[in-house]
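Taking it in order: structure first as structure tokens, then the write-up.
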Amino acid sequence: HALHDTWIYRKTSTSTAWYDQTSTVGNVPPRFGHAMANFGFDNNWIVMFGGNNATSILGDTWLLSSPTLADGGRWSSLKWSTGKIKSIPPPRWNHAMASMGLGLDLSTPKIVMFGGCRDLKCSTLLADTWVLTGKQNSGIKDNMLLNPPIWSKITENSPSKRRSHAMAFLGRRS
């Protein structure tokens, strides 16, 4: 069953709760089996890729932004957007994504995505790795769409094909 609602778990100094933000942020097309990760200079963006809507496999990238998200501000500036993201990976579902933080130059937020299913029955698995890279825009940290992020395929060694797995970022290593 594919849903198209947006819920945000918010912790404040006095409480924690789930908030239905669907009417605030708008809807993306219904889906399940998609992946999401934090993105941006202050982790104030969320990236969502792919999924399954029960009739087809999706290959779209969506950005959810809130310049005030990182400092506990209002949610009114949250909006889903597809932007003009370049070099889109092939459609997939049951894949995994993880934030990689900022690059060594502290101006290139990145997300890594791996694997998943290429078809509705999940009989064709993927073993490709993609990295979404953003770029700071002349000191403007809160609008990733001024210079849209770019997907790049990584051709180095990778794990074997898989689905329904998880990923996490361990931090920088010197």
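The values are calculated or read from the model by the stated rules, or taken from the named source; none is laboratory data. Given the structure is predicted, the values throughout are model-derived calculations rather than measurements. Protein only, heavy atoms only, side chains kept; ligands, DNA and RNA dropped before computing areas. Shrake-Rupley method; radii C 1.70, N 1.55, O 1.52, S 1.80 Å.
List of remarks:
- For TRP18, the solvent-accessible surface computed with a 1.4 Å probe is close to 150 Å², ligands and nucleic acids excluded.
- By a 1.4 Å probe calculation restricted to protein chains, LEU125 has an accessible surface near 50 Å², given to the nearest 10.
- Accessible area (Å², 1.4 Å probe, nearest 10) - THR55: 110
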